[in-house]
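Take a look at the structure below.
The values are calculated or read from the model by the stated rules, or taken from the named source; none is laboratory data. Since the structure is predicted, the reported quantities are computational estimates derived from the model, not experimental observations. With ideal geometry, Cβ positions are generated from the backbone for all residues, glycine too; neighbour counts draw on all protein chains shown. Remember, those area values only see protein heavy atoms, side chains included, never the ligands or the DNA or RNA. Shrake-Rupley method; radii C 1.70, N 1.55, O 1.52, S 1.80 Å.
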Amino acid sequence: MRACAAALMALAALAAAAQPLPDGRRSGFEFMGESTQAMQRDDALNPGMLWVLEGEAAWSQPVGAEGHSCAGCHGAARQSMRGVAARYPAFDAALQRPVDLRQRIANCRRKLQPQALAPGDEPQALALEAYVAFQSRGLPITPPADPRLEPARERGRRLFHQRLGQLDLACSDCHETHAGRRLGGSPIPQAHPTGYPIYRLEWQSLGSLQRRLRSCLSGVRAEPFAWGAPEWIELELFLAWRARGMLLESPAVRP
Amino acid sequence: MARTLITAPSSARRGEAITLRVLLQHPMESGFRVGADGRLLARDIVRRFSCSYNGERVVAVELFPAVAANPYLEFSALALDSGTLDFVWEGDHGFQHREQRTISVT
């Protein structure tokens, strides 16, 4: 019954996500074709749910010499991880720098397994990220009001508006100035990170926000930053702030 | 790998048409793409899928390299007796994956 109510709430949230906000911000969901939208709406059809299931299994699976699991400390993700993905990136007091959800999970895993998760879209990290993000589906993105994040977020804002690459384009040139228009036949969305990790049809797989940002950077013929570089986190911080209040759709489907 | 998402009713009325939906996690590597080293990636696809209802074949599907990764199939069957639904995927390099679901018919 509770699961049913939760499913109904999630459906209501998805329906709400399909409405543009009064300030004109729209999720990438609204720029997609009807069939791709249907794929995201229906959990039995959304391939991203396969990674969520994988993450659910990994959540309670003991790893490392002492046989700890995520569930051992954090309990049931349904309660403990609710709303967590909506807050990231956040400031990590131990590292004294902002980290995104991926890095937060990796840092936690590193304590359990000395052979830490590899950089990039490593399958198990992605599955755990998808499972944690899934617990926040339907919740609004709420970037923490932490003054320690401000300098990094400001650098992210500058990066978003900075022209890059041989094509000399800034993120904002496409995703603000020309958002809603078309590039090579495809609509240009407003670049709100509302559904990560996403199942991207072009990738035929689930992928992280960092992977998506990388392909934009190589798209303007710039050299992408290294995996996990601070620039990505700064950009993610700015994007999360820009999308504040929008509802999370993870795992979203994108063309 | 080989995780599946199966949507099948656990109960049905006799004579009712039930909808079965299956999603399999599989890369469906077509064999036509080149990898980062410029070499052709070996083909790795699911070639056959079948579903049996109490041992009787309900659907049989052949899949080809043009099918996208994580193939999704939807089909229907007539609920006649309580029993098991058997889902089998077979593919390249000896890939085989089997799932079962029980259904009670009243």
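Given springs between every Cα pair under 10 Å in a Gaussian network model of chain A, which of A:Pro144, A:Pro89, A:Pro22 has the largest fluctuation?
Maximum fluctuation in the GNM of chain A, among the listed residues, is at A:Pro22.
Please provide three numbers in whole Å: the alpha-carbon extents of chain B along the principal axes, with the largest listed first.
In descending order, the Cα extents are 58, 20, 19 Å.
Short version: which residues of the stretch A:34-71 lose at least 40 Å² of accessible area, all chains versus chain alone, 1.4 Å probe?
Correct list: A:Ala44, A:Leu45, A:Leu50, A:Leu53, A:Glu54.
Taking only the C-alpha atoms, wrap a convex hull around the protein assembly as shown and report its volume per residue in Å³ as a whole number.
So the per-residue Cα hull volume is 171 Å³.
Note down the nm distance, to one decimal, between modelled labels 7 Å out along Cα→Cβ at A:Thr36 and at B:Leu41.
2.0
Please get the size of the charge dipole for chain A, origin at its Cα centre, with Cβ charges of +1 on Lys and Arg and -1 on Asp and Glu, quoted in debye to the nearest 20. Walk me through the numbers before you get to the answer.
Values: 30 positive and 25 negative charges, 70 e Å.
Dipole of chain A, to the nearest 20 debye: 340 debye.
GNM, chain A, Cα, under 10 Å: largest mean-square fluctuation among A:Glu129, A:Glu202, A:Glu150?
Among A:Glu129, A:Glu202, A:Glu150, the largest GNM mean-square fluctuation belongs to A:Glu202.
Could you work out, for the stretch B:1-43, what percent of all Cα-Cα pairs fall into each 5 Å distance bin, beginning at 0 Å and stopping at the bin that holds the largest distance?
In whole percents, the pair-distance histogram is 5, 17, 14, 13, 11, 11, 9, 7, 6, 4, 3, 1.
Under a Cβ-only charge scheme (Lys and Arg +1, Asp and Glu -1), can you give me the dipole magnitude of the stretch B:4-105 about the Cα centre, in debye to the nearest 20?
Here the stretch B:4-105 has a charge dipole of around 80 debye.
Under a 1.4 Å probe, what is the accessible area of chain B per residue, stated in Å²?
That works out to 57 Å² for each residue.
Nearest 100 Å² is fine: what is the total accessible surface buried where chains B and A meet, probe 1.4 Å?
When B and A are taken together, about 1100 Å² of accessible area is lost.
Could you identify which residue out of A:Ala86, A:Ala44, A:Ala179 has the top mean-square fluctuation in a GNM of chain A using Cα springs shorter than 10 Å?
For chain A, modelled as a Gaussian network with Cα springs under 10 Å, the answer is A:Ala44.
Expressed as a whole percentage, what fraction of the accessible surface of the protein assembly as shown belongs to carbon and sulfur atoms when a 1.4 Å probe is rolled over the protein heavy atoms? Walk me through the intermediate numbers first.
On the way: 9760 of 18240 Å².
C and S atoms contribute 54 percent here.
How big is the dipole moment of the stretch A:82-176 about its Cα centre under a simple scheme where the beta carbon of each Lys and Arg is +1, that of each Asp and Glu is -1, and everything else is neutral? Debye, nearest 20, please. Before the final figure, lay out the partial values.
Values: 15 positive and 11 negative charges, 83 e Å.
For the stretch A:82-176, the charge dipole is close to 400 debye.
Ranked from the most accessible area to the least, with a 1.4 Å probe and all protein chains present, what is the order of B:Leu40, A:Leu213? Before the final figure, lay out the partial values.
Values: B:Leu40 120, A:Leu213 25 Å².
Putting B:Leu40, A:Leu213 in descending order of accessible area: B:Leu40, A:Leu213.
Let's test the formula: R0 of 45 Å, r as the Cβ-Cβ distance of B:Asp92 and A:Arg221. What FRET efficiency results, to the nearest 0.05?
Numbers: r = 37 Å, r/R0 = 0.81.
The formula returns an efficiency of 0.80 here.
Going by a 1.4 Å probe on protein heavy atoms, which residues of the stretch B:3-46 end up with at least 30 Å² less accessible surface in the whole assembly than in their chain alone?
Residues shielded by partner chains are B:Arg3, B:Leu5, B:Arg21, B:Leu23, B:Gln25.
From the helices alone, meaning DSSP H stretches of at least four residues, give me the mean residue ellipticity at 222 nm for chain A, per-run term -39500 (n - 2.57), in deg cm²/dmol to the nearest 500.
So the helix-based figure for chain A works out to -12500 deg cm²/dmol.
For the stretch B:1-65 and the stretch A:216-255, what is the separation of their C-alpha centers, rounded to whole Å?
Answer, in whole Å: 33.
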